[in-house]
Amino acid sequence: QDVSGGLFCSPFSDFPSCLFVGASARAAMEVGAAAAAATAGGVGMGLFSYNRGNYMFDQKNHYTRFTAGLNMAIAQTGIYKQDIAQLTALTVTRQDCYHGIAAMGLTILTAIYCPGRVGLHTPPPPSWLMGLGFLNIAGCYMFLGLTLWLAMHASMRADTAATHMLTRFVRLPIPSQGMLDKARKFLSSYEEQPLKEVFRIPFTRHQGKARNNRGGYNEDVDIDDAAQSRSRHGYDVPAWYRKEKSVDNVNTIETIGTMMPLDARGTAPEHFEAYRELQMEWFPYDVYARLSIFLAFMHLTHCWAYMQIGHQLQETRALFACAIVILPMFVLQQVILTLDIIPKGLPIHRLGPFALWFAYFAAAIEYKRWYTVEAQAVGFVLVYIAYAIHIIYTLQLLRLCAPSQNPPAVAETPGASWWPGEWRLPSAFQHAIWLVAPPKQLQEGEHDITGELRAMQRDGPEGVAAAATDAERRADVHRALGKQGESPAWFNVKVGLISLVIGWCFLTFGFTIEVINQGTAHPSLLNAHGMPNNARDPRYRPAKPGTHEPTEVGTGGVAAGPAKGVHSEAVHRRLGGIDLASGFAPQLASRQEIASKLRDLVPYLQELARTGSAPVQTISPPSVELTHMAVQWPPLFEPQHLACNEAFPAALAISRHGRGAIIPAPVELNVQVSVDAKHLILEGVAAHGPVVATSWDSEGLLLVTGSGVTLECPGVNPIDGRWHCAPVPGAKLPLAMGGKSFAGTIAVTRVGLRVGAAAPALRAAVLFPGEASVTIFSRAGHASAAWLPTGETRLAAASAGAVAASFAGAGERLLLTAEDGSVAEMRMADGSVAEAAASAGWEPAHAWKGSCRLPSGGLARLALSTSAS
């Protein structure tokens, strides 16, 4: 052994051996160790660089994936907002359509209802037909009103729900700055990784299942079995990957839990789930607004047909034309029933339109030409059948409109209506509802990115509903609809139909009462048509205290009260034509003046109470012989009135219709002569009614017609056989005949002389039919003057039945011709009456028509022979 070497012995061999190593060998060993160290350092640097590159690549992809996922979620949320808007627009548009149809129906119905009766110009039709028509009108009004309210509620509630969801629930998932910062990574953060990840050898497994390791990463990656052992999945994933997942799954977007009941929840996006639950608050109103339109128009067609039956048979008697009207209405109702209803079982509702035919034949029997007991009985039976059909028909509609407890499943197909099976709807109308609810499941190939982001944020799996039957799920959904799971919309429609059933039963009962009482002595429940309302007639109630004018209690007075125009012919003629409502009170003098005038009338009233007439001075006429003139009248001329002009030696005979004849005065008296009358025409008279009074003076001819019109024919004589006449401007003579021609006796004359352009005043004496008195009316000469009563006196029995009257002596004497030809003369100054001529003794062979004073002072009388010759 020397200093540059050494002896090395091996203790592990069976025979001890030793080796001497020199200095050169030792140096070689140190170089190998250094090489190994260098190799290990190179490998470490390679692993560090490799894993660092993976980290940088993963972080870049992570941020890109984070932003790309949010961008897709934002775009999909925009689509969700459109879903909400379109679903709501479908409901709102449908309700607007219902609203317009209901408004149009109300307009038509109001035009039908305004007359208040069936038939306008004749006595009303039978009460049973009125009942059929007006109960259908009432039902139509009710369902059209329900349509308006239900449609308004559904439209406003859908709009409100959509606005609520769009502003609070379906919002764009915009990340905050903090979220973006968490998703961003600095490269220096690689230093925070554990050494086993920094120097991880590729294709080897480094993570196992431990208590603190959360596994299950990348388990859905589709790789082959050979690479399965080399891939990073399950628990063997980088630490930064697990950290990124925890960051991504917390506070990525705002979230809200589903509001759907657990038993009705689907797998569709949550905004659909929430909207479907909110839709439960208005879908019954949507559905029953559509059903109310159906019910309203079925009742509208019924009432319109019944109105036509009443009009055609009551007013026009168009029997076959009425049948032609009923036929298309019957077909229309059957078509509507076919379009809107899919019945299950016996289609009893198709019986409803047949009520039109039974009512038609019953009404035809009511108006048949000859009455028979058998036909009347058949008519009663037909009416009962019509009422029974309406009762059965309404009960069937009540059954069809009710929500189905076990409706058939609705297939979700493109372009078709769909709603969840949990919604109870009337299955008979399911094809006419066109209701669309959000889907409950995503279709194949569809993804809800927003929902996935929400799902990743939830801690643990979502609850799963326990298995439930269809009835249990339906009860769970309808728990919020109202009492006993019933929608208020259906409740209102149900109450309306029940009220119609009650109405039909009530009408049937009332018709039975009428059948029992018809033809008996039992008094009617109401008074006859056209009679006043006795329970409210103000004439049967006391007057208001403190009133100063005659006023009907609670009304607009005599001139404006409800009794005005009712039986006007029975109103006393002294009140007819007097406007008591215009300034009545201001025209009265003070109470003292009225009392003074009443005191002046007391003696006359006492004399009238004692004798029955005013004091009469009787003057006997001188005894004279009569001169008989046989007049040859013009053809077809019937004289009715006689007038004399005290300045012209002739008499004028006038017919009732505007023809006249001038009769010359006789040359010799007490001699029977024959004369020809000169025919003339009174122009402008016939249009104002028959002539009832005439007067002839120096101003011309003065006439009064049966309507109270005063006509003036200027000139002393006619010109070329024609005398032009025109109405006197101003008010009519107040005869108060209620539009009828006057049947009493009238005399008219001018009083005084014409002064400049002012016409003379007029005076008229009127003997009203059935009264033993003569009333004097006066009128001033100006156009605005009215006829006013200026006096009245009672007549003796001999003069009370005067058939003609005429003025004489410038209007100061009144000649009254009796039926026997005698003439009495009344002085206007004091009312005294004297006999001007005795009876000629020609009656009954002659009918006396009038008398007048001749210029000679004699008296001319007109008598028509009543003999056949």
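So the values come out like this:
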item	result
Label-point separation in nm, D159 to I201, each point 7 Å along Cα→Cβ	7.4
Residue-span extension gain [M45 to A847] - 0.36 nm each, minus C-alpha spacing	273.1 nm
Highest-first arrangement of 695-705, 283-293, 167-177, where packing means the average Cβ count within 10 Å	283-293, 695-705, 167-177
Gained length - S839 relative to A323, 0.36 nm times residue gap less alpha-carbon distance	178.9 nm
Å² per residue, accessible surface of region 285-349 at 1.4 Å	38
Spin-label pair I336/A89, simplified geometry with 7 Å Cα→Cβ offset, distance in nm	3.1
Heavy-atom accessible area per residue - region 801-869, 1.4 Å, Å²	43
Amide H contacts of G791 (H built 1.01 Å from N, under 5 Å, at least 5 apart or other chain)	I776
FRET E, pair L351, R168, Förster distance 35 Å, beta-carbon r, rounded to 0.05	0.10
Backbone HN-Hα couplings from phi across region 151-165 [Karplus 6.51/-1.76/1.60, Hz, Gly and Pro as x]	5, 5, 5, 4, 5, 5, 5, 5, 4, 5, 5, 5, 4, 4, 5
Point-charge dipole on Cβ atoms (K/R +1, D/E -1) for region 63-178, about Cα centre, debye to 20	280
Karplus-derived 3J(HN,Hα), 6.51/-1.76/1.60, for each residue of region 346-361, Hz, glycine and proline x	5, x, 5, 5, 6, 6, x, x, 5, 4, 4, 5, 5, 5, 4, 5
Förster-model FRET efficiency, 25 Å R0, T512 and V378, C-beta, rounded to 0.05	0.90
Heavy-atom accessible surface of region 687-846: percent carbon and sulfur, 1.4 Å	57
Relative packing of 715-725, 294-304, 772-782, 96-106, which averages over residues the other C-beta atoms within 10 Å, highest first	294-304, 772-782, 96-106, 715-725
Cross-link table K81/K440; K344/K440; K368/K740, entries beyond 26 Å C-alpha to C-alpha	K344/K440; K368/K740
Label-point gap, in nm, between T122 and F637 - each point 7 angstrom along Cα→Cβ	4.7
Contour excess over end-to-end distance, with Cα ends at S698 and M104 and 0.36 nm allotted per residue	206.8 nm
Peptides 127-138, 827-838 ordered by average Cβ neighbours within 10 Å, highest first	127-138, 827-838
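The values are calculated or read from the model by the stated rules, or taken from the named source; none is laboratory data. Quick caveat: nothing in here was measured; it's all calculated off a predicted structure. We place every Cβ from the backbone using ideal geometry, glycine too, and count neighbours over all the protein chains shown. Quick note on the areas: whole protein, heavy atoms, side chains included, nothing else; ligands and nucleic acids left out. Shrake-Rupley method; radii C 1.70, N 1.55, O 1.52, S 1.80 Å.
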